[in-house]
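All remarks here apply to the structure that follows.
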Amino acid sequence: MGRMRARSAVPLGIAALGAATLAYAAGYEVRSFRLRRVTIPVLPPGMRPLRILQISDIHMVSGQRKKQRWLQSLAALRPDLVINTGDNLSDPEGVPETLDALGPLMEFPGAYVFGSNDYYAPKLRNPGRYLVERVQGRHGLNGNAPAVGVPRNPWWDLRDAFDEAGWVNLTNTRGRIKTAGAEIALTGLDDPHIKRDRYGEVAGGPEPGADLSLAVVHAPYLRVLDAFTADRYPLILAGHTHGGQLCVPFYGALVTNCDIDPDRVKGLSTHESAGERAYLHVSAGCGTNRYTPVRFACPPEASLLTLTPRDS
C-alpha cells in the first residue's frame, strides 16, 4: 500500500506543478508588462542620441483593459520616434480598443508595418504544430499550403487611423521622418510570414542625405535579413516571434515561428550577409494569439531603443 501511494504521488505532483505553471503563465505573466531598454551604436559620430519606442504584436482582444492602460502609459517616455512592427489585432472587433490604447503614442512621429494577424483573424491551432513545423522547416506560408477561406480583420481601419495621425506606412515602400533635428530614412516590407514581402520594390540600400536609415519588417525571415544586411542597413527592427512565448527557464525559446535561430528570438543581436553586418532588434511583443493566452519565462514587452553614435 505504501509503494502504491508513493507511485501515485509522483504523477499527482507533476500534474499539480503543471497546473501551477499554467495558472502563472495565463494569470500573471501574460499581464506582467515590461519595458526593454537597449542602447545601439548606429548614429554618425557627433550626433545626439535618438530614442525609438518599438511596439509589436499587441494582438488586441476586446476587454484587455490592463494592456490598453499600459500601452497608453508608454507615452510618458516621450520617444523621438515610434515604430510599430505589426500584429496589432487578435479580434475583428478589436480595432477601436487598439486605437484607444495607441492614441497617446500617435501624437509622436511614427511608422508602421503590418503582420499576418492584422490582415487575418486568428484560428484555433495546436501549439505543438510549431515544434513540428520547426523540425520540418515549414513556417507560415513558407512551405505550407496557402490559407483558404480565412476571415479577415479590418486592417484598413487601422491603416486609415495611423495615416491620419501622420505615421508613415512602410508596406513594401520607403519613407522619411524628421524628428529631434534628424532626418531618418525608413525602408519597410510587408509580412514575409505570408509571403507579402517584395524586396525588389525597395532594394538599393540606405538613401543619401539621411542621418540614419532603418529597415523595418514584421517577421524576421532570413531572406529578408540577408537582403537588408547586404544592402548595408545598420539596423533592422522586427517582431513576430513573441520571444518564443513559452520558454524553458535557463534554456530559452524552443520555437521562433520563422526560420531565425532561437538564440536571436528576442532582443539585440547582429546579422551577417555578403560580408556586411547589421544590428537586429527583435521585439518579443506584448500580446498572444487569443487562443493561446499564456506566456512563460517570456514577459510581454515594449522596447525603448536609445541610438547612440558609433565609434568613429
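Nothing in this text is a laboratory measurement; each read-out follows from the coordinates by a stated rule. Here the structure is a predicted model, which means the values were calculated and not measured. Every residue, glycine as well, gets a Cβ built from its backbone with ideal geometry; the counts of neighbours run over all protein chains shown.
Specify the angular offset, from 0 to 90 degrees and rounded to the nearest 10, of the alpha carbon long axis of helix 2-27 from the longest principal axis of the alpha carbons in the chain.
Helix 2-27 and the main axis of the chain meet at about 30 degrees.
Restricting to Cα pairs below 8 Å that are 6+ residues apart, what does the relative contact order work out to for the chain? Please round to a whole percent.
Reported as a whole number, the value is 26 percent.
Can you list the lysines whose alpha carbon sits under 23 Å from that of Lys123, skipping same-chain ones fewer than 8 residues off?
Lys67, Lys195
Which value in deg cm²/dmol, rounded to the nearest 500, describes the helix-derived mean residue ellipticity at 222 nm for the chain, given -39,500 (n - 2.57) per DSSP H run of n ≥ 4 and division by the residue count? Intermediate values should be presented prior to the final figure.
Values: 7 runs with 75 residues, N = 312.
Dividing the helical sum by the residues of the chain leaves -7000 deg cm²/dmol.
Each residue of the range 55-71 in order: what ³J(HN,Hα) in whole Hz does its phi give by Karplus 6.51 cos²θ - 1.76 cosθ + 1.60, θ = phi - 60°, with x for Gly and Pro?
Values, residue by residue: 10, 7, 6, 5, 6, 5, 10, 3, x, 7, 5, 5, 4, 4, 5, 5, 4 Hz.
Please list, short to long, the whole-number percent of alpha-carbon pairs of the range 67-107 in consecutive 10 angstrom bins beginning at zero.
Computed distribution, short to long bins: 27, 58, 14, 0.
Near the amide H of Leu246, under 5 Å away, which other amide H atoms are found, from residues 5 or more places off or on another chain, if H is placed in the peptide plane?
Here Phe296 satisfy the definition.
Taking the Cβ of Glu29 as the centre, find all other residues whose Cβ is under 14 Å away and add up their charges (Lys, Arg: +1; Asp, Glu: -1).
In short, +4.
What whole-number value in cubic angstrom gives the convex hull volume per residue for the C-alpha atoms of the chain?
155 Å³
Just Ala274, Ala101, Ala75 to compare: in a GNM of the chain, with alpha carbon springs under 10 Å, which one fluctuates most?
Ala274
Using Cα springs under 10 Å in a Gaussian network model of the chain, which residue among Phe250, Phe162, Phe33 shows the largest mean-square fluctuation?
The residue with the greatest mean-square fluctuation here is Phe250.
Have a look at Gly243, Gly285, Gly137 and tell me which one the Gaussian network model of the chain (Cα, springs below 10 Å) gives the largest fluctuation.
Evaluated over the chain, the most mobile residue of the options is Gly137.
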